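A.B. asks: Submitted below is the structure of interest, expressed as structure tokens.
The values are calculated or read from the model by the stated rules, or taken from the named source; none is laboratory data. None of the values given here were measured: they were computed from a predicted structure. Because the Cβ atoms are built from the backbone with ideal geometry, glycine has one as well, and the counts that use them run over all protein chains shown.
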Amino acid sequence: MTLLRSTLDTASPEFAANREAMLARLEELAAEHAKALAGGGPKYVDRHHGRGKLLARERIELLIDPDTAFLELSPLAAWGTDYTVGASVVTGIGVVSGVECLIVANDPTVRGGASNPWTLRKTFRATDIAADNRLPVINLVESGGADLPSQSEIFIPGGRVFRDLTRASAARLPTVTLVFGNSTAGGAYIPGMSDHVVMVKERAKVFLAGPPLVKMATGEESNDEELGGAEMHARTSGLADYFAEDEHDALRIGRRIVARLNWRKLGPGPSVPPVEPRYDAEELLGIVPTDLRTPFDPREVIARLVDDSDFDEFKPRYGTSLVTGWASLHGYPIGVLANARGVLFSAESQKATQFIQLANSADIPLLFLQNTTGYMVGKKYEQAGIIKHGAAMINAVSNSTVPHLTVVMGASYGAGNYGMCGRAYDPRFLFTWPNAKSAVMGPAQLAGVLSIVARQAAAAKGQPYDEETDRNLRAMVEQQIEQQSLAPFLSGRLYDDGIIDPRDTRTVLGICLSIIHNAPIRGTDRFGVFRM
Amino acid sequence: MISRLLIANRGEIARRVVRTCRALGVSPVAVFSDTDERSPHVAEADLAVRLPGDAPTATYLRGDLLVQAALDAGADAVHPGYGFLSENADFAREVERAGLTWVGPPPAAIEAMGDKVRAKHLLADAGVPVLAEIDPDHVAEHHLPVLVKAAAGGGGRGMRVVRSLEELPAAVATARAEASAAFGDGTVFCERYLERGRHVEVQVLADSHGTVWALGERECSIQRRYQKVVEESPSPAVGPELRAAMCSAAVAAAKAIGYVGAGTVEFLLGDDGRFYFLETNTRLQVEHPVTECVTGVDLVRWQLAVAEGAALDAQPPSARGHAIEVRLYAEDPAQDWRPGSGPLHRFDVPGVDVEFGIGAVERGLRLDSGVVDGSVVSVHYDPMLAKLISWAPSRTEAARRLAGALAGARIHGPHTNRDLLVRVLRHPAFLAGDTDTAFLATHGPDALAAPLADEQARVLSALAAALAGAAGNRVASVVQPGVPIGWRNLPSQLEHKEFTTRDGRVEVRYRLGRGGLEVAGLEGIRLVSVEPHQVVLDTAGVHRRFLVESYGDDVHVDSVLGSVVLRRVPRLVEPGSVVAEGSLLAPMPGAVAEIEVTEGEDVRAGQPLLVLEAMKMRHAVRSPVDGVVRAIKVSAGAQVDAGEVLAIVS
């Protein structure tokens, strides 16, 4: 056992200022989350309740085991777009009859639960998680289908929804669909492609074409129940495996289906009993400086995340700008890579590469704690081979097959984002702290670069360079980049799986580690060619 | 010398006798009905003999089987305990005829006292004051109120108070029927009824050499349906002079009938300090421990010694201090003392110093229990679970200790009279020694039967049950066991749990978040700690500990606020498993004695629909509303379980 010893001064003015700033960010985040929770707003919520129906989250709460956790994913999807925050669907992972399941629930209070392009992206992300981590999928369906004005962005890519369902089934990932309301036209293939289908009496409506369209197409007179009612599908078409008396009954049946899946997690269970860290997670609020240019010691974070604050650091004296080491979290072994002073040099890259190889040879999942401004630039470093060393690290990250988890604690700039397993490197989960920023480079640097390039272009053409215009350009660019590098903007675009309260990090990672162990954990013995 | 003793009884008294057998080195032999096969009295004996069947008439009341059991087991003596055949002279004779020692008075003495009318005459002649018996056919207005009694009775069976002449014929008829059913002898008589009397009895112990001890008195005035509930010694109403008078009357009574062994002479003590002979119990009494606790005399030991021919000292030992006993019953005082049955998962009384034994010290707590954790309370026998006795130098101290132990007891099973006992022991009138046979009626049976746990206690207990359940769910969880209870990254609603209690539904809506415990409708509450079996809540700065135990869907929560039993309401129920509206459920297990209506019949609210018979009591199941009988789900003679649907009325 190697205990981390915190030197954090919780009485210092810096700590207080950091904490206050983080609390302000959290308050803003709560306001954005509230938009997602509000769905279509009080009017539509009341109308829905008035019909004796449950809201998407009410259905989920009744579906999952009492007192278990629910990790909602991508709650800010569509943030900063014309669509409602949350993208008219709730996705997340909950425990149903003791089985971790990926749950997708339409929010019928938002435009009848119709899918828009962001709904699709959010759903795709969820089904990717199910596929990568081998989770059963439960759909709680009540959707008016495609949001027609945006059909051009939905129709063609949207086919993937059905493809994913049957591929999940083929991969022996059970798919369960509970139909609470409309599931028509294309939506009818959700139950159609699922392994287990439950329909609610007098509520479910599952048909390719409704009475008006049938009338138009063939002249046949028909009604909703004849075309797609639960009774008809349970007795006549056979599309419904189970007939539910009401919504509660559907959820009850859904729980029974999962209970009978004979589900076995393919990864190992926790290897040691979980022990709470020795330091208070509350103090995580005061660690990250308000100005991301000020570095902080990630060991202070690790001490508040890992079991018993017990961390065996690897190569502590080499490449000190990156902290690497072994720990366990909720009893699961993990390897941690955490930026210490932002910049990655050749030594850090080589250390990371070796560490990732070690994790792969021991089948240990990796946790990346990002606070990086990128790989070092400059003559000395280029000549010493920073590109090939950085490339080796990116090679290792890219080809590593143990599960990766990424938390963006602060800055995530440049190729550092890649080397530290940013979104494009497919970490199983990626969560962001509310103060975090991601961009190709810092806003001031980017504006400065643009300014230098513009000044050089003017000089090349022999034109005068207007300082006033330059100042405005720089300010404008800086502001735009700043805005686009903020957590809600990136979360809205599904570049993370959600923004989390730093104090929840251990819990979120614990849930994620449990989830990833539904699939086997197997490191690779093959990487790309390492340039020596 | 007795070397192997057959105990012709069950439950706590059988265990009590085993205890003394062990102290003497006598080998105890138990008997058991099929229901009792796994009872503690069976496990504790050296040998146990099966009495096939369940009903007392097939088992513990079968003298022939009991004598055969004694012979089969090689016993040389038989102890009858109390109840069953303990006052059956024929049985005593059978025992003696088989060459076995009968641990009890001579059969003739039993017979002399068995007929209460004869007994009165006999003792009146010996100078013992009696209430004259009145022929039921000659009761006149000036006699009222009168008590109708079974000549062969005991335990209140067949007893009726009559306050008007119109009631008399029915009361006599019922008493005859009950007496006939219980004792096989329907003879009844009447006597003047003292409304405010006290029941005071004297314990006697006589050897076969003519020495009779009077071991002081016991007061047993607090009764329900003529069944004693609280007993104590000495009586707060008896001073030295009165004691001397009662004791000498008791000794005279014993001598008049040539009594040998342990017995009790019961008196009715009036307001005026005058006392009248009621009856003699020719056996060990249920409440004998209070005498043992104040005198230090092991009555069972002396029963055996006297049966072996030993002689008593000339003078009995003197009593010291005060002892109080309560009888803990599986019954519901709020529902007309309806008996309960079923599994008793846990039976745990804190601070017990001794079980069945005699305490040598000057204060202590004694438990004489027929049950242990995991026992099943049967519908076939008396629903008394245990007796709890405390003794101390003062009556007040004994009462406080007893109330405290009862209140802190963890009794997880059928409903009991525990809360009523605690209320009695803490009642100012009781503490003032102001006890008479009308105590429960005077102080309001409803008020005394009210649960110790009030509305607030129920809500907090339900919250504790919900939280302990949550912690239990986490521990038992196969996945994510270390994740905080009900964690959400986007909390949208409170966790909801619902319970039913005897006093209605309780709903709890709660969340355990970063800000601590949030409970809908409860302000200023803080969770101090939560484990699957213990929850500590801080209410307005006061820490309260709740102990929580679950058995299936039943959750028992014990705290200083009182014990609360909650039944979990499942979140999602299978359609059709819900009891149809208007269903009448069996209030207790029993047999359907009569069905008084037919399907389709119009009924009025309160009209009896059918009669359930259990524990020799007939319970009418009445329509709750004016309506129509939609269905009758049982047939006459059917055995039903508590909660079974009997009929549907809408």
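A.B. asks: Could you run through the stretch B:545-589 and say how many residues are surrounded by 17 or more Cβ atoms within 10 Å (Cβ to Cβ) and on the phi > 0 side of the Ramachandran plot?
C.D. replies: Final tally of qualifying residues: 2.
A.B. asks: In the stretch A:115-167, what residues are small (Gly, Ala, Ser), modelled with pLDDT of 95 or more and touching a helix residue (DSSP H, G or I) at 6+ places or on another chain (Cβ under 7 Å)?
C.D. replies: A:Ala130, A:Ala131 - these are the residues of the stretch A:115-167 that are small (Gly, Ala, Ser), modelled with pLDDT of 95 or more and touching a helix residue (DSSP H, G or I) at 6+ places or on another chain (Cβ under 7 Å).
A.B. asks: Here's something else I'd like to know. Does A:Ser361 satisfy the condition of being under 19 Å from A:Gly385 (Cα atoms), more than 14 Å from every other protein chain (Cβ to nearest Cβ), of a type in the set (Ser, Thr, Tyr) and surrounded by fewer than 23 Cβ atoms within 10 Å (Cβ to Cβ)?
C.D. replies: no
A.B. asks: Among the numbered criteria (1) touching a strand residue (DSSP E or B) at 6+ places or on another chain (Cβ under 6 Å); (2) more than 14 Å from chain A (Cβ to nearest Cβ); (3) closer than 21 Å to B:Ala409 by Cβ, which one does B:His543 miss?
C.D. replies: (3)
A.B. asks: So A:Leu239 fits all but one of (1) within 14 Å of chain B (Cβ to nearest Cβ); (2) under 30 Å from A:Ala171 (Cβ atoms); (3) touching a Pro at 6+ places or on another chain (Cβ under 9 Å); what number is the exception?
C.D. replies: (1)
A.B. asks: On the basis of being away from chain B (no Cβ under 14 Å) and at pLDDT 95 or above, does A:Glu28 make the cut?
C.D. replies: Yes, satisfied.
A.B. asks: Here is a check on your reading of the model: is A:Arg57 of a type in the set (D, E, K, R) and more than 23 Å from A:Glu142 (Cβ to Cβ)?
C.D. replies: no
A.B. asks: Being closer than 30 Å to A:Leu63 by Cα, under 27 Å from the mean Cα position of the chain (by Cα) and among the charged types (D, E, K, R): is that true of B:Asp641 here?
C.D. replies: So B:Asp641 fails the test.
A.B. asks: Can you confirm whether B:Val326 is of a type in the set (Val, Ile, Thr) and either surrounded by fewer than 23 Cβ atoms within 10 Å (Cβ to Cβ) or within 20 Å of B:Val200 (Cα to Cα) (or both)?
C.D. replies: Considered against the rule, which asks whether it is of a type in the set (Val, Ile, Thr) and either surrounded by fewer than 23 Cβ atoms within 10 Å (Cβ to Cβ) or within 20 Å of B:Val200 (Cα to Cα) (or both), B:Val326 comes out as yes.
A.B. asks: Another one. Any residue at all in the stretch A:144-162 that is under 24 Å from A:Asp195 (Cα atoms), touching a residue at least 24 places away in the same chain (Cβ under 8 Å) and out of contact with any Gly (no Cβ under 9 Å at 6 or more places or on another chain)?
C.D. replies: yes
A.B. asks: Kindly establish whether B:Val18 is under 24 Å from the mean Cα position of the chain (by Cα), in a helix (DSSP H, G or I) and buried (at least 20 other Cβ atoms within 10 Å of the Cβ).
C.D. replies: So B:Val18 passes the test.
A.B. asks: Identify, from the list B:Arg198, B:Arg192, the residue that is at pLDDT below 95 and either surrounded by fewer than 24 Cβ atoms within 10 Å (Cβ to Cβ) or closer than 30 Å to B:Leu448 by Cα (or both).
C.D. replies: Testing whether each residue is at pLDDT below 95 and either surrounded by fewer than 24 Cβ atoms within 10 Å (Cβ to Cβ) or closer than 30 Å to B:Leu448 by Cα (or both) leaves just B:Arg192.
A.B. asks: Is it true that some residue in the stretch B:276-283 is crowded, with 21+ Cβ neighbours inside 10 Å and basic (Lys, Arg)?
C.D. replies: Yes; the residues of the stretch B:276-283 include at least one that is crowded, with 21+ Cβ neighbours inside 10 Å and basic (Lys, Arg).
A.B. asks: Continuing with this model, one more query. Please verify whether the stretch B:396-407 includes one or more residues that are within 18 Å of B:Gln227 (Cα to Cα) and small (Gly, Ala, Ser).
C.D. replies: No, there is no match, as no residue in the stretch B:396-407 is within 18 Å of B:Gln227 (Cα to Cα) and small (Gly, Ala, Ser).
A.B. asks: For the stretch B:92-136, which residues satisfy the criterion of being under 27 Å from B:Ala310 (Cα atoms) and not hydrophobic (A, V, I, L, M, F, W, C)?
C.D. replies: Correct list: B:Arg93, B:Glu94, B:Glu96, B:Arg97, B:Gly99, B:Thr101, B:Gly104, B:Pro105, B:Pro106, B:Pro107, B:Glu111, B:Gly114.
A.B. asks: For B:Glu594, work out the one condition from (1) more than 14 Å from every other protein chain (Cβ to nearest Cβ); (2) in contact with a helix residue (DSSP H, G or I) (Cβ under 7 Å, 6 or more places away or on another chain) it doesn't fulfil.
C.D. replies: Every condition holds for B:Glu594 apart from (2).
A.B. asks: Is there a residue in the stretch A:452-463 that is surrounded by 21 or more Cβ atoms within 10 Å (Cβ to Cβ), small (Gly, Ala, Ser) and either within 14 Å of chain B (Cβ to nearest Cβ) or not in a helix (DSSP H, G or I) (or both)?
C.D. replies: no
A.B. asks: Any residue at all in the stretch B:72-84 that's at pLDDT below 95 and small (Gly, Ala, Ser)?
C.D. replies: yes
A.B. asks: Let me ask something additional. Can you list the helices (runs of 4 or more DSSP H) lying wholly within the stretch A:467-532 that have 3 or more residues being at pLDDT below 95 and surrounded by fewer than 23 Cβ atoms within 10 Å (Cβ to Cβ)?
C.D. replies: A:467-484
A.B. asks: Looking only at the stretch B:456-480, count how many residues are surrounded by fewer than 22 Cβ atoms within 10 Å (Cβ to Cβ) and under 26 Å from B:Ala405 (Cβ atoms).
C.D. replies: Within the stretch B:456-480, residues that are surrounded by fewer than 22 Cβ atoms within 10 Å (Cβ to Cβ) and under 26 Å from B:Ala405 (Cβ atoms) number 2.
A.B. asks: Which numbered condition in (1) more than 12 Å from chain B (Cβ to nearest Cβ); (2) closer than 28 Å to B:Ile485 by Cβ; (3) out of contact with any helix residue (DSSP H, G or I) (no Cβ under 7 Å at 6 or more places or on another chain) is the only one that A:Leu37 fails?
C.D. replies: (1)
A.B. asks: Across the stretch A:40-61, what is the number of residues that are within 10 Å of chain B (Cβ to nearest Cβ) and crowded, with 19+ Cβ neighbours inside 10 Å?
C.D. replies: Total meeting the criteria: 5.
A.B. asks: Going by the conditions given, is B:Leu572 within 14 Å of another protein chain (Cβ to nearest Cβ) and either part of a loop (DSSP other than H, G, I, E, B) or of a type outside the set (Gly, Ala, Ser) (or both)?
C.D. replies: yes
A.B. asks: Give me the residue from the stretch B:481-505 that is in contact with a Lys or Arg (Cβ under 7 Å, 6 or more places away or on another chain) and over 30 Å from A:Val85 (Cα atoms) and, out of that set, surrounded by the most Cβ atoms within 10 Å (Cβ to Cβ).
C.D. replies: Looking at the filtered set, the residue picked out is B:Phe499.
A.B. asks: Here is a further query. State whether one or more residues within the stretch A:255-268 are farther than 17 Å from A:Leu102 by Cα, facing another protein chain (nearest Cβ under 9 Å) and not aliphatic (A, V, I, L, M).
C.D. replies: no
A.B. asks: I'm trying to understand the selection: among the residues of the stretch B:220-247, which are modelled with pLDDT of 95 or more and of a type in the set (Ser, Thr, Tyr)?
C.D. replies: B:Ser221, B:Ser233, B:Ser235
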